[in-house]
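First comes the structure, then the notes that go with it.
Just so it is clear, none of the values below were taken in a lab; they were calculated from the coordinates. No experiment lies behind these values; they were computed from the predicted model shown. Cβ: placed from backbone, ideal geometry, glycine included. Neighbour counts: every protein chain shown.
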Amino acid sequence: MVEKERISLCNDKEVKNGEYVLYWMQASQRACFNPALEYACLTANALNKPLIVLFCIMPGYLAASFRHYKFMVEGLQENSDSIRKRGAAFIIKAGEPCEIITELSKNASMIIFDFAYLDFMKAVRKKAAAQSVCRVVQVESNVVVPVAAASSKEEYSAATLRPKINAVVSKYLDYEEEKIEIKNKISDPQIESLTEQQAKEYIQNFKRNNRYFDESSFTGGYSQACQKLEVFIKDKLHNYAGMRNDPTCEVQSDLSPYLHFGQISPVYIAKQIIKTLSESAEEYLEELIVRRELAHNFVMYNEDYARYDSVPVWAKKTLAEHLSDPREYYYSPQQLENAQTHDEYWNSAQNELLLRGKMHNYMRMYWGKKIIEWSETPQKAFEIMVYLNDRYEMDGRDPSGYAGICWCFGKHDRPWSSRRIFGNVRYMNDKGLERKFKIQKYVQRIENLKKGR
């Protein structure tokens, strides 16, 4: 059963005696462990109506590039079979969601949305709900604990959110998938839809050129995500607690792209990890639930999450006080984008991003700190980081990405000893990498990756 805290009303319209129930799948791009889909199935059966699952391919979605669209369509191909087996229709349309949903609402009894956190998608849902002629509800499916159920305000740090999540998390980890089948099946919804091949061809049109970073090393889809989870639990999890910060040790789960696109449920991941009952399991659950949902809390309650205004007051003050400090190096956005700096460790991190579509989490912190150090102002550094993150990270345009960028400027952190340029904001340098890790091993791995391309 879908917990009531996951469900919220989007408009004050009535449920109509229409031809179907419509579920707009957007943030939760999966057929398994998806409370929004389960709620849509329950609603359709309760109203004795067919269910249509709609996916809208939005052209020019924020900074998304070909690699993101390709990954997404790979997941949709797998979704279509699973959804149709349950008796629902699955249609793909290209264009602006508001226009598509408004048109389809004319014959709908009720509409279900995935929950949104980013302002852009909140605005789309608000407009679509206002223009629809029937009731619209949204279901929050991509966090373990619904954000508002954990806290009603922006939290200062993980330390303040953790006890609130721990107090209620067991309730949401009890969720079991029902895999409800639709009673009133519809074989042909008589609605124009892209075929899966047309969708693939449509996505090809987003490819601007043939540069190597238009691809990534990830293949989209629920089965791919489950395979990575299985490998992580079997081969990596036992080393996670001690080695997760070491960029030379490949013990990360690599699930963040799949979580970002909603191709796998964080509840499902958590339930599988819990079964291992290990110290590393606790470390991983801290990242998956507390840290990841701290990012969602940040984006939910801070409308400036993608702008420098979201940086804490104390951090902006200390960075401003050190604005005139001499910088040994300045790099243009283009030089940074093309990994053309004096720092081979930073270049390796940027090249990992360009080649794989994902950077090791520890190097991601170092990467951000150095952009601050090499930029004319913190504001420009913030803009560059958002651009590079959203353009190249497979988990870009995501609450965790924006929270991670803001962390580089002091968000969810504390003041440290004062240093040049950074003031009291935490500082990182190449000597720290050399002291903690065999960092040349990481450099060589990325060089090998480049040669392999």
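In the distance distribution for the stretch 97-163, Cα-Cα pairs more than 16 Å apart total 55 percent. Within the shell defined by Cβ-Cβ distances under 13 Å, the residues around I91 carry a net charge of -2, with Lys and Arg each +1 and Asp and Glu each -1. Projecting the Cα atoms of M58, M25, V133 onto the dipole axis of the stretch 7-159, where Lys and Arg carry +1 and Asp and Glu carry -1 at the beta carbon, places V133 farthest toward the positive end. Approximating the spin labels as points 7 Å out from Cα along Cα→Cβ, the K234-to-E181 distance works out to 3.1 nm.
Over the C-alpha trace of the stretch 225-298, radius of gyration and Dmax come out as 11.7, 33 angstrom.
Within the shell of other residues whose beta carbon sits under 12 angstrom from the beta carbon of N48, the net charge comes to +2, with Lys and Arg scored +1 and Asp and Glu -1. To the nearest 10 degrees, how steep is helix 399-408 against the longest Cα principal axis of the chain, on a 0 to 90 scale? With both axes taken from Cα atoms, the answer is about 20 degrees.
Scanning residues 5 or more positions from Q263 or on other chains, those with amide H under 5 Å from its amide H are Q29, with H placed 1.01 Å from N in the peptide plane. Contact order for the stretch 38-186, expressed relative to its length and based on alpha carbon pairs under 8 Å spaced 6+ residues apart, stands at 34 percent. Relative to the longest principal axis of the Cα atoms of the chain, the long axis of helix 439-452 lies at roughly 50 degrees. Proximity of backbone amide H atoms, modeled 1.01 Å from N, is registered between R135 and E14, V15, K16, I111 at under 5 Å, excluding neighbours fewer than 5 places apart on the same chain. Using the Cβ atoms and a cut-off under 12 Å, what net charge is assigned to the surroundings of T195, where Lys and Arg are +1 and Asp and Glu are -1? For residues surrounding T195, the net value is -1.
Sequence-ordered 3J(HN,Hα) estimates for the stretch 382-398 from the Karplus curve with 6.51, -1.76 and 1.60 and θ = phi - 60° stand at 4, 4, 5, 5, 5, 4, 5, 4, 6, 6, 10, 5, 5, 9, x, 6, 10 Hz, glycine and proline given as x. For the stretch 50-166, the number of Lys pairs separated by eight or more positions or lying on different chains, with C-alpha atoms closer than 30 Å, is 20. Distances between placed amide hydrogens fall under 5 Å for W416 paired with V425, R426, all partners being 5 or more residues away or on another chain. Taking label points 7 Å from Cα along the Cα-to-Cβ direction, E283 and D214 give a separation of 4.0 nm. Which distance in Å, rounded to a whole number, links the C-alpha centroids of the stretch 121-156 and the stretch 252-322? Rounded to whole Å, the Cα centres lie 18 Å apart. Estimated from helical segments only, the mean residue ellipticity of the chain at 222 nm is -14500 deg cm²/dmol, where each DSSP H run of four or more residues counts as -39500 (n - 2.57).
In this structure, D304 and R84 have a Cβ-Cβ separation that, at R0 = 41 Å, corresponds to a calculated FRET efficiency of about 0.45.
Extending 7 Å from Cα along the Cβ direction at A158 and again at Y329 yields two label points whose distance is 2.8 nm. Sequentially through the stretch 307-319, phi angles give Karplus couplings (6.51, -1.76, 1.60; θ = phi - 60°) of 10, 4, 4, 7, 5, x, 4, 4, 6, 4, 5, 6, 5 Hz, Gly and Pro residues having no value and appearing as x. The charge dipole of the chain, taken about the Cα centre with unit charges on the Cβ atoms of Lys, Arg (+1) and Asp, Glu (-1), comes to about 340 debye, rounded to the nearest 20. Counting only alpha carbon atoms, the long axis of helix 344-356 and the longest principal axis of the chain meet at about 20°.
FRET efficiency for Q444 and V168, Cβ-Cβ distance as r, R0 = 35 Å, nearest 0.05? Plugging the Cβ-Cβ distance into 1/(1 + (r/R0)^6) gives 0.15. Across the options L388, L194, V169, the greatest Cα extent toward the positive end of the charge dipole of the chain (unit charges at beta carbon of Lys, Arg, Asp, Glu) belongs to L388.
Extension gain for K4 to N245 (0.36 nm times residue separation, less C-alpha to C-alpha distance): 83.0 nm. In order along the stretch 274-287, phi translates into HN-Hα couplings of 4, 4, 7, 6, 10, 4, 5, 4, 4, 4, 5, 5, 4, 6 Hz, rounded to whole numbers, per the Karplus curve 6.51 cos²θ - 1.76 cosθ + 1.60 with θ = phi - 60° and x for Gly and Pro.
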